[in-house]
There are 2 protein chains.
Amino acid sequence: MPTGHKRQGSALEANRRDELLRAAARLFVEKGFDATTTRDIAEAVGMRSGSPFYHFRSKQDLLKAAMIEGLEAGHQRLQAAVAGIDDPERRLRVMIRSHLGTLLEGDCHAPMLVYESRSLGITARAEIAAVSDRYQQAWQATLEQLAASGKLRLPAKPMRLLLFGMLNWSRQWYRSNGGLSLDEIAEAAAEMVLA
Amino acid sequence: MPTGHKRQGSALEANRRDELLRAAARLFVEKGFDATTTRDIAEAVGMRSGSPFYHFRSKQDLLKAAMIEGLEAGHQRLQAAVAGIDDPERRLRVMIRSHLGTLLEGDCHAPMLVYESRSLGITARAEIAAVSDRYQQAWQATLEQLAASGKLRLPAKPMRLLLFGMLNWSRQWYRSNGGLSLDEIAEAAAEMVLA
DNA sequence: AATGATTAAGCAAGCAATTGCTTGTTGGAT
DNA sequence: ATCCAACAAGCAATTGCTTGCTTAATCATT
């Protein structure tokens with residue numbers, strides 16, 4: 001493959017860096033940012049205690065990178081899910097289901113890292129807020145479309161805030177093996193939003 | 001005052017202990033449990049770094065006590081608010097407003113400490129869960145009453161979970177000086193719950 | 001192709017600061 | 001005289017992070 005874009009060294013580098021990112025995200029969500037030591041993260045990927053600092057300048061940098069990566073993965077998943085769906089009601093239902101998926105499925109749970117924002121400096125917090133805002137705007141647009149045709153029980157903005165509360169808070173009580181399924185939660189939430 | 005139940009020494013003790021509890025609760029909510037040092041707490045009430053340990057055996061004990069105190073204060077506020085209200089719809093509205101009050105008004109914000117449960121040992125977590133359950137049951141009862149007369153948009157249990165999500169998550173975006181007021185949030189939430 | 005220079009990636013060791021908590025002591029109210 | 005409440009001082013462990021070095025892979029030049 002003479003036109004390969006990556007030398008082997010670079011590929012390995014990216015892999016290890018991603019491993020660190022994923023392990024850190026998992027541990028941060030599991031135990032919280034402060035309760036997770038850089039030694040925990042290193043051990044999780046089989047490195048020595050100081051080695052992660054070759055890939056990331058600081059522990060906070062690691063958190064910031066994990067948050068941005070997780071937010072953008074969720075954003076792309078959302079965009080892919082709604083692609084080609086024109087009916088706004090149907091689109092909202094798909095968005096709700098997609099959001100619950102990134103929030104509760106798999107082992108990453110990256111969106112919940114946003115809750116650890118306070119561990120970051122103000123400049124990093126602003127970066128996160130910018131990425132997060134783009135995600136919110138996709139929702140705002142769809143909700144306003146629904147509100148315009150009288151299909152929402154509340155104005156778009158308060159509705160968005162309350163809806164995100166319902167969805168995000170589900171991380172506090174959702175258990176994958178019992179109780180409501182993701183589809184059921186999604187349908188229940190949609191039921192409350194739509195008039 | 002021969003029948004006084006408290007000597008002055010005890011009264012002062014209780015005062016200082018309560019000061020510690022309130023300061024700790026505020027700091028824990030503000031910065032998180034791990035990011036708050038026992039020195040922060042001591043300084044907040046004008047003590048030296050080791051003195052809080054005269055009143056509390058450990059930092060975790062301080063958190064546990066603050067959580068229980070906050071939860072029970074909220075519970076009493078709720079009970080007082082609904083006393084004598086028989087109409088279940090009216091009672092739910094009052095409960096929602098009361099819950100938002102304990103959550104967002106004043107400077108204590110104790111209910112949000114529940115989110116710091118993971119910093120506790122399992123036995124302490126169980127104690128907290130027990131107190132928290134009593135609070136939830138008051139809601140469950142009222143919601144079931146409403147569901148029985150067909151006034152709920154969803155069955156009582158999922159409705160309770162989603163409702164608490166809407167309300168508790170409001171701490172993430174509510175600002176006392178702009179946007180929606182507590183009364184407006186309460187009304188919007190009630191609107192979504194009731195059929 | 002062979003050789004020397006450079007770099008990527010990580011290890012070993014440890015530093016400086018912080019942390020929760022303990023110990024022995026002291027002033028003041030009863 | 002007694003004892004509550006707090007102080008002064010510091011210990012032991014942990015923490016994020018740094019430094020100097022090693023190993024292997026890559027690159028440039030002959």
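The values are calculated or read from the model by the stated rules, or taken from the named source; none is laboratory data. This one's a predicted model, so the numbers in the text were calculated from it and none came from an experiment. Glycine also receives a Cβ, built like all others from the backbone with ideal geometry; neighbour counts cover every protein chain displayed.
Observations
- Selection within the stretch B:109-152 - of a type in the set (Phe, Trp, Tyr) and farther than 23 Å from residue B:93 by Cβ: B:115
- Across the stretch B:21-29, a minimum of one residue is classified as more than 26 Å from residue A:121 (Cα to Cα) and in contact (Cβ under 8 Å) with a residue 40 or more places away in the chain.
- Residues located in the stretch B:98-111, provided they are in a helix (DSSP H, G or I) and surrounded by 18 or more Cβ atoms within 10 Å (Cβ to Cβ): B:98, B:99, B:100, B:102, B:103, B:104, B:110, B:111
- The stretch B:21-48 - residue that is surrounded by fewer than 17 Cβ atoms within 10 Å (Cβ to Cβ) and at pLDDT below 95 and, of those, nearest to DNA strand C (Cβ to nearest atom): B:31
- Of the residues making up the stretch A:138-175, those that are among the hydrophobic types (A, V, I, L, M, F, W, C), more than 16 Å from residue A:103 (Cβ to Cβ) and not in a helix (DSSP H, G or I) number 2.
- Top-ranked residue in the stretch A:49-58 [being in contact (Cβ under 8 Å) with a residue 24 or more places away in the chain and within 9 Å of DNA strand D (Cβ to nearest atom); ranked as surrounded by the fewest Cβ atoms within 10 Å (Cβ to Cβ)]: A:56
- Take the conditions (1) under 16 Å from residue A:112 (Cα atoms); (2) within 13 Å of another protein chain (Cβ to nearest Cβ); residue A:135 misses just one of them, which is (2).
- Those residues of the stretch A:1-20 which are part of a loop (DSSP other than H, G, I, E, B), more than 9 Å from DNA strand D (Cβ to nearest atom) and either at pLDDT 65 or above or of a type in the set (D, E, K, R) (or both), in sequence order: A:6
- Residue within the stretch B:74-93 that is aliphatic (A, V, I, L, M), away from DNA strand C (no atom under 15 Å from the Cβ), modelled with pLDDT under 95 and in a helix (DSSP H, G or I) present: no
For (1) more than 14 Å from every other protein chain (Cβ to nearest Cβ); (2) surrounded by 13 or more Cβ atoms within 10 Å (Cβ to Cβ); (3) hydroxyl-bearing (Ser, Thr, Tyr); (4) under 23 Å from residue A:81 (Cα atoms), each residue gets a yes or a no:
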| residue | (1), (2), (3), (4) |
| --- | --- |
| A:123 | yes, no, yes, no |
| A:131 | yes, yes, no, yes |
| A:142 | yes, yes, yes, yes |
| A:158 | no, yes, no, no |
| A:169 | no, yes, no, yes |
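- Residue A:153 falls short on exactly one of the conditions (1) without any contact (Cβ under 8 Å) to a residue 60 or more places away in the chain; (2) within 7 Å of another protein chain (Cβ to nearest Cβ); (3) more than 21 Å from residue A:86 (Cα to Cα), and that condition is (3).
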